[in-house]
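Below: the structure, in structure tokens.
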Amino acid sequence: MANPSLTDIDPSNEMREPMDVAELDCGQSTLQLLDEVQFLVRDILTQWQHPIDSIERRNNHRVPFNKSIALFDIDEQSEQPTGEAYLVTGRDISSHGVGFSHDGPLPHTKVAVGFELPNGCSQFVLVRLTWCRFTRRGTYDSGGMFLRPIPSPGNVKLDWNEIPRW
């Protein structure tokens, strides 16, 4: 079965108003939120247009995403987050993936990325890293494809102010 795309939205949901994520309970499952995330991302991406003369390798529109992202290593067997989180800086996001900047090389091909929601909760997605490059600034830019939502590591709320920046 193919991975669901954030653009594969049920047409019956097309005209509904987005819910206020600040009112969500942190215990709400990632799968319950997936439909809402799909709706919100699709709405953002439909407003984004590339100029006609731009040549783009990717099939999906990317939008700038200059926010902190929590990055966890993944246990290769269980595909669950392990170890401590590190903050990286988002660069762009699309319906199929995310790009970010970080200070050191990444040793794994899969990572968990966590996004902080306005209500203080965090949602995590398993990402397969598809590229990485060393920049002139002395940092790394990496990007990957969303594979599936995953549970929060240890099912606890992260204190985003306590996570070390990498």
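Checking each residue in the stretch 133-147 for being among the small types (Gly, Ala, Ser) and surrounded by fewer than 19 Cβ atoms within 10 Å (Cβ to Cβ) picks out only GLY138. Sub-6 Å Cβ pairs linking a first residue in the stretch 54-77 that is farther than 18 Å from THR130 by Cβ to a second residue that is at pLDDT 65 or above and of a type in the set (Ser, Thr, Tyr), at least 6 apart or interchain, are ASP75/THR82, ordered by first then second residue. Screening ILE93, ILE69 for residues that are within 12 Å of the chain's Cα centre (by Cα) and under 13 Å from ARG165 (Cα atoms) leaves exactly one candidate, ILE69. With respect to (1) under 15 Å from the mean Cα position of the chain (by Cα); (2) under 15 Å from TYR86 (Cα atoms); (3) surrounded by fewer than 13 Cβ atoms within 10 Å (Cβ to Cβ), the lone exception for THR130 is condition (2).
The values are calculated or read from the model by the stated rules, or taken from the named source; none is laboratory data. As the structure is a computational prediction, the values presented were derived from the model and not from experiment. Please note: Cβ atoms are built from the backbone with ideal geometry, for glycine as well, and neighbour counts cover all protein chains shown.
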